[in-house]
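The structure under discussion appears below in the form of structure tokens.
The values are calculated or read from the model by the stated rules, or taken from the named source; none is laboratory data. Only a predicted model underlies this, so the values are computations on that prediction, with no experimental measurement involved. Glycine gets a Cβ as well: all are built from the backbone with ideal geometry, and neighbour counts include every protein chain shown.
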Amino acid sequence: MAKTTRSSERSSQRRVDALTRERIVEAAIDLLDSQGEGGLTFRALAARLETGHGAIQWHIANKNELLQAAADAVISSAVTGVADGVTPPERIRGIALAVFDAIDAHPWVGTELSREPWQPAVLRIFEGVGGQLHALGVPQGARFDAASTLLNFILGLAGQYAAGARLIGHATDRQAFLADLAARWSDLDPARYPFAHQVAPQLRDHDDREQFLAGVDLILAGMTAPGYPGGGVPCPIRPAEGTTKTPDASAVNTPSA
């Protein structure tokens, strides 16, 4: 009987060892992508991995830890893929766009990152953009605020777009949805909603990724503009589509006479 028990324990241990944390996280990402957060249960995960709850909990204690690990794996892969050997502004744009695309492909990541602000995935993004600020000339005393502003913009807008994608659904044509929304804005009372009435055509024709990068560029231009602590370091803004001129950052922030 003792031999049988020891043999069973060794067999169980081998199954646990074969089930790595990486395999669990990969399976969790697949479930989250296909069924959303509601579909991620230890029962569903155990069925997909053909194992038991205990084997999974040997590596990951609970669903919160699993969600954080899954989000970190997605963000780590995205940020690691950003090219090296580029200028600090290009590096920040690359990280921002990588996160945007990752959240667009995995909308649940945006929800998870907003749930607990300083989890590992968020720290990866914060470190990625914050590490470029010294080269931009942002003084040490202003770097926390500058990096936090970039982080909040990246996570906030990318998460908002992901939430919109979930709301619209894959079956709805995005252009048709925007055209309908723009038409409703155009029908608003221009005396009460003058700005919404004015920009309705831009709402209809805008590209989410381009608008997102434009926002990152505005933040970077502000960080390097005269008047900002340490400002005055050139930070070229991407030229608008169809143009070749790169405006000077100070010109963007200088009011007209």
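Which members of the stretch 23-82 meet the condition of being in contact (Cβ under 8 Å) with a residue 40 or more places away in the chain and either acidic (D, E) or over 30 Å from L97 (Cβ atoms) (or both)?
Within the stretch 23-82, E26, D33, E37, A55, W58, H59, D72 qualify.
Any residue in the stretch 99-122 that is at pLDDT 85 or above, within 17 Å of L213 (Cβ to Cβ) and over 14 Å from the mean Cα position of the chain (by Cα)?
no
Among the listed residues G85, G141, G137, which satisfies the condition of being assigned to a helix (DSSP H, G or I) and either among the small types (G, A, S) or in the same structural domain as I29 (by TED's automatic domain parsing) (or both)?
G141 is the lone residue from the list that is assigned to a helix (DSSP H, G or I) and either among the small types (G, A, S) or in the same structural domain as I29 (by TED's automatic domain parsing) (or both).
Going residue by residue through the stretch 64-75, is there one that turns out to be at pLDDT 90 or above, surrounded by 14 or more Cβ atoms within 10 Å (Cβ to Cβ), of a type in the set (D, E, K, R) and in contact with a His (Cβ under 9 Å, 6 or more places away or on another chain)? Break it down stepwise before answering.
If we filter the stretch 64-75 for residues that are at pLDDT 90 or above, which is where we start, we get 64-75.
When the remaining residues are screened for being surrounded by 14 or more Cβ atoms within 10 Å (Cβ to Cβ), the result is 66-75.
Still in the running and of a type in the set (D, E, K, R): 72.
Retained after the next criterion (residues that are in contact with a His (Cβ under 9 Å, 6 or more places away or on another chain)): none.
No.
Restricting to the stretch 116-133, and then to whatever is more than 17 Å from R93 (Cβ to Cβ) and without any contact (Cβ under 8 Å) to a residue 12 or more places away in the chain, can you tell me which residue is surrounded by the fewest Cβ atoms within 10 Å (Cβ to Cβ)?
Top of the filtered list is W118.
Just to check your reading of the model, which residue among G94, G81 is small (G, A, S), modelled with pLDDT under 90 and closer than 21 Å to L151 by Cβ?
Values: G94 fails: modelled with pLDDT under 90.
Exactly one of G94, G81 is small (G, A, S), modelled with pLDDT under 90 and closer than 21 Å to L151 by Cβ, namely G81.
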